[in-house]
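Please read the structure below before turning to the comments.
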Amino acid sequence: MLSLVLFALVTWQVAGHGPLRALDERVGRAAAGAAFPRAVTGFLADLGNASVAVPVLAAAALWAVLRRGRPWWHALAAALAMAAVPALVVPLKTLVGRPGPPAMGAGPHDGFFPSGHTATAAVAYGAALLLLTRSRRAATGYVLLNAAVGAGLVHRGYHWPLDVLGSWCLAVLVLWCLSRALSRGRAGRRPRGGRAPAPPGR
């Protein structure tokens, strides 16, 4: 899968202090110094907080089950996808141990790759989208929203660009697994009132 290959490449460059990491840090410093309303980018970055994204997913799951007639295990699958975010991100942060941008300073909290806020936003809003709709317009809005969250995190100096990119790659993998699980469940359901398939003729 392309996202897995890209994640491996980015992780290798970040952990191994490759040329891509050096370029990433130059771009990150330039973006953090760009003239743009910090209140706006701060709001966008906050959309990646678990206190914001997780309640959105919870509300979408309840709506999908109670109003859209989705089976309860669809909501459970979405919750498991959300739980996979810290299970993946926290060990990787510890393993890579990348220092944050200058605005974050140095210290024991070093470990900024991949970005937890980015992964939280991408998986929470993506899982909500999978539960509620598959429309292209909603998917486009989802992509733009997550691009804005990533831009906000970089502009505020909370993360380097590759921290964001790495988390997007992880989110694609998690959401792909969730999508497969939900699609498989729908394929296995028989329409209400439908007849059982007739036995093959002799």
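The values are calculated or read from the model by the stated rules, or taken from the named source; none is laboratory data. As the structure is a prediction and not an experimental result, all values here were calculated from the model. As a convention, Cβ positions derive from the backbone with ideal geometry for all residues, glycine included, and neighbour counts pool all protein chains shown. Surface accessibility is based on the protein's heavy atoms, side chains included, excluding ligands, DNA and RNA. Shrake-Rupley method; radii C 1.70, N 1.55, O 1.52, S 1.80 Å.
Here the range 111-139 is the region considered, the condition is being aromatic (Phe, Trp, Tyr) and outside any helix (DSSP H, G or I), and the residue that is surrounded by the most Cβ atoms within 10 Å (Cβ to Cβ) is Phe113.
Just one of (1) closer than 20 Å to Val10 by Cβ; (2) of a type outside the set (A, V, I, L, M); (3) in contact (Cβ under 8 Å) with a residue 60 or more places away in the chain trips up Pro91, so point out which. Among (1) closer than 20 Å to Val10 by Cβ; (2) of a type outside the set (A, V, I, L, M); (3) in contact (Cβ under 8 Å) with a residue 60 or more places away in the chain, Pro91 violates only (3). For the criterion of being aliphatic (A, V, I, L, M) and either surrounded by 19 or more Cβ atoms within 10 Å (Cβ to Cβ) or in contact with a strand residue (DSSP E or B) (Cβ under 6 Å, 6 or more places away or on another chain) (or both), Ala61 passes. When you scan the range 75-84, do you find a residue that is surrounded by 14 or more Cβ atoms within 10 Å (Cβ to Cβ) and farther than 21 Å from Trp168 by Cα, even just one? Yes, the range 75-84 has at least one match.
Filtering Leu144, Leu182 for residues that are at pLDDT below 95, more than 18 Å from Thr11 (Cβ to Cβ) and in a helix (DSSP H, G or I) leaves a single hit, Leu182. Whether a residue is modelled with pLDDT of 95 or more, of a type in the set (A, V, I, L, M, F, W, C), in a helix (DSSP H, G or I) and under 18 Å from the mean Cα position of the chain (by Cα) was assessed, and Ala81 passes this test. Taking the listed residues Phe7, Phe43, the one that is more than 16 Å from the chain's Cα centre (by Cα) and either farther than 20 Å from Arg156 by Cβ or surrounded by fewer than 19 Cβ atoms within 10 Å (Cβ to Cβ) (or both) is Phe43, with no other qualifying.
Scanning the range 140-155 for residues being open to solvent by 20 Å² or more (accessible area, probe 1.4 Å) and closer than 17 Å to Gly28 by Cα gives a total of 3.
Filtering the range 156-173 to residues that are surrounded by fewer than 23 Cβ atoms within 10 Å (Cβ to Cβ) and over 16 Å from Val10 (Cβ atoms) leaves Arg156, Gly157.
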